[in-house]
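The block underneath contains the structure these notes are about, expressed in structure tokens.
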């Protein structure tokens with residue numbers, strides 16, 4: 001089994017429910033075992049213009065799937081929940097493969113570690129909460145170290161899951 005970290009985001013509809021639903025659906029994929037889910041974070045949109053803030057989180061799972069199989073399952077969940085990847089703006093759910101063990105993957109359809117994650121507080125804050133000692137395989141820094149170096153300009157607020 002490989003340990004993987006998944007970024008989850010939503011800025012359309014009920015973000016908390018969308019993330020919890022996507023996480024539960026990941027757990028229904030054969031060969032995937034859910035381990036932990038960070039707190040949700042409310043975040044201002046980054047790199048896009050939208051009046052809809054995001055709900056973001058990071059999940060840790062163990063999988064027997066290969067990275068491309070896991071990606072296919074994640075894209076299937078996004079599509080089933082109404083995500084149109086042709087549109088780059090608002091979305092009901094967004095699932096990103098952040099880490100797949102300590103592998104470095106560079107293919108036409110998958111780059112791991114996620115190429116933007118170390119620049120995004122909305123990824124690094126929940127990852128640092130969940131696994132502060134996880135090491136970025138390219139930067140050779142822990143999630144806590146990367147998070148500490150990020151600019152506090154990005155608006156982000158830790159919140160809580162509903163019971």
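The values are calculated or read from the model by the stated rules, or taken from the named source; none is laboratory data. As the structure is a computational prediction, the values presented were derived from the model and not from experiment. Neighbour counts are summed over all protein chains in view; Cβ atoms, including those assigned to glycine, are modelled from backbone coordinates with ideal geometry.
Could you tell me which of the residues 83, 3 is assigned to a loop (DSSP other than H, G, I, E, B), over 22 Å from residue 160 (Cα atoms) and under 16 Å from the mean Cα position of the chain (by Cα)?
83
Taking the stretch 45-54 only, how many residues are without any contact (Cβ under 8 Å) to a residue 60 or more places away in the chain and either crowded, with 20+ Cβ neighbours inside 10 Å or on the phi > 0 side of the Ramachandran plot (or both)?
Counting residues in the stretch 45-54 that are without any contact (Cβ under 8 Å) to a residue 60 or more places away in the chain and either crowded, with 20+ Cβ neighbours inside 10 Å or on the phi > 0 side of the Ramachandran plot (or both) gives 1.
Please work out if residue 65 is in contact with a strand residue (DSSP E or B) (Cβ under 6 Å, 6 or more places away or on another chain) and either in contact (Cβ under 8 Å) with a residue 40 or more places away in the chain or not in a helix (DSSP H, G or I) (or both).
It is false that residue 65 is in contact with a strand residue (DSSP E or B) (Cβ under 6 Å, 6 or more places away or on another chain) and either in contact (Cβ under 8 Å) with a residue 40 or more places away in the chain or not in a helix (DSSP H, G or I) (or both).
Restricting to the stretch 129-157, what's the tally of residues that are over 20 Å from residue 104 (Cα atoms), at pLDDT 95 or above and buried (at least 19 other Cβ atoms within 10 Å of the Cβ)?
1
If you take the residues in the stretch 18-44 that are in a helix (DSSP H, G or I) and without any contact (Cβ under 8 Å) to a residue 40 or more places away in the chain, which one is surrounded by the most Cβ atoms within 10 Å (Cβ to Cβ)?
23
Kindly list the number of the only condition in (1) in contact with a strand residue (DSSP E or B) (Cβ under 8 Å, 6 or more places away or on another chain); (2) within 24 Å of residue 115 (Cβ to Cβ) that fails for residue 33.
Going through (1) in contact with a strand residue (DSSP E or B) (Cβ under 8 Å, 6 or more places away or on another chain); (2) within 24 Å of residue 115 (Cβ to Cβ) one by one, residue 33 breaks only (2).
Does any residue of the stretch 100-112 turn out to be assigned to a strand (DSSP E or B), in contact with a strand residue (DSSP E or B) (Cβ under 8 Å, 6 or more places away or on another chain), touching a residue at least 40 places away in the same chain (Cβ under 8 Å) and within 18 Å of residue 35 (Cα to Cα)?
Yes, because at least one residue in the stretch 100-112 is assigned to a strand (DSSP E or B), in contact with a strand residue (DSSP E or B) (Cβ under 8 Å, 6 or more places away or on another chain), touching a residue at least 40 places away in the same chain (Cβ under 8 Å) and within 18 Å of residue 35 (Cα to Cα).
Can you pull out the residues in the stretch 113-128 that are part of a loop (DSSP other than H, G, I, E, B), closer than 23 Å to residue 35 by Cβ and either out of contact with any strand residue (DSSP E or B) (no Cβ under 8 Å at 6 or more places or on another chain) or without any contact (Cβ under 8 Å) to a residue 60 or more places away in the chain (or both)?
Of everything in the stretch 113-128, those that are part of a loop (DSSP other than H, G, I, E, B), closer than 23 Å to residue 35 by Cβ and either out of contact with any strand residue (DSSP E or B) (no Cβ under 8 Å at 6 or more places or on another chain) or without any contact (Cβ under 8 Å) to a residue 60 or more places away in the chain (or both) turn out to be 113, 120.
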